[in-house]
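Enquirer: The structure under discussion is supplied below as structure tokens; questions concerning it will follow.
The values are calculated or read from the model by the stated rules, or taken from the named source; none is laboratory data. Quick caveat: nothing in here was measured; it's all calculated off a predicted structure. A quick note on method: Cβ atoms are made from the backbone with ideal geometry, for glycine too, and the neighbour counts reach across all protein chains shown. Only protein heavy atoms, including side chains, enter the accessible area calculation; ligands, DNA and RNA are left aside. Shrake-Rupley method; radii C 1.70, N 1.55, O 1.52, S 1.80 Å.
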Amino acid sequence: MLKTINILNKRARFDYEIIEKYTAGIVLTGTEIKSIRLGKANIAESFCEFNNNELFAINMYIEEYAFGNQFNHKARSERKLLLNKRELKTLSKSVQTKGLTIVPLRLFTNEKGLAKLDIALARGKKTYDKRESLKEQDTKRDLDRIKKSFR
């Protein structure tokens, strides 16, 4: 039984308005996937960018594998994302024309043990939008507390 890994980018949901979600595979080396399976990764400051009609995850941190030798990977390097051609075309068009960005939301392993990255087409929020989302979170938290007290 494989242990499932679920690494979230909580900051992305706060800073961006999510428009559309995709699940992409990642091209990794052996020591990278071993580190991810140990949960030693961070996608908080990462973003996605097109390079020669290919999508890359940039600034994604995967800690060096402790038992790796001279063939160990670099902690922060570009990692290619795997999507269908149709999905890549729609993403590149929307990024170029509408001024949207692509942010990673979640890094996880599926039931086969392969690493996947949930990415989203997103639009940056303004500060007043962020304040509204904070207010919504606070009211939801207060309502949950009230409901819990009446149980």
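Enquirer: What is the number of the single condition among (1) open to solvent by less than 40 Å² (accessible area, probe 1.4 Å); (2) free of Cβ contacts under 8 Å to residues at least 40 places away in the same chain; (3) not in a strand (DSSP E or B) that residue 65 does not meet?
Expert: (1)
Enquirer: Confirm whether residue 51 is more than 28 Å from residue 133 (Cβ to Cβ) and touching a helix residue (DSSP H, G or I) at 6+ places or on another chain (Cβ under 8 Å).
Expert: Values: more than 28 Å from residue 133 (Cβ to Cβ): yes; touching a helix residue (DSSP H, G or I) at 6+ places or on another chain (Cβ under 8 Å): no.
Criteria not met by residue 51.
Enquirer: Those residues that are among the acidic types (Asp, Glu), buried (at least 17 other Cβ atoms within 10 Å of the Cβ) and either touching a Pro at 6+ places or on another chain (Cβ under 8 Å) or more than 15 Å from residue 75 (Cβ to Cβ) (or both), I need them from segment 1-37; list them, please.
Expert: Of segment 1-37, the ones among the acidic types (Asp, Glu) are 15, 17, 20, 32.
Then keep just the ones that are buried (at least 17 other Cβ atoms within 10 Å of the Cβ); that gives 32.
Within segment 1-37, no residue meets the criteria.
Enquirer: Considering every residue within segment 37-48, establish whether at least one is part of a helix (DSSP H, G or I) and in contact (Cβ under 8 Å) with a residue 60 or more places away in the chain.
Expert: Yes; the residues of segment 37-48 include at least one that is part of a helix (DSSP H, G or I) and in contact (Cβ under 8 Å) with a residue 60 or more places away in the chain.
Enquirer: Would you pick out the residues in segment 49-62 that are assigned to a strand (DSSP E or B) and either open to solvent by 70 Å² or more (accessible area, probe 1.4 Å) or not aliphatic (A, V, I, L, M) (or both)?
Expert: Scanning segment 49-62 gives 49, 50, 51, 54, 56, 61.
Enquirer: Criterion first (of a type in the set (Ser, Thr, Tyr) and closer than 20 Å to residue 5 by Cα) does residue 133 satisfy it?
Expert: no
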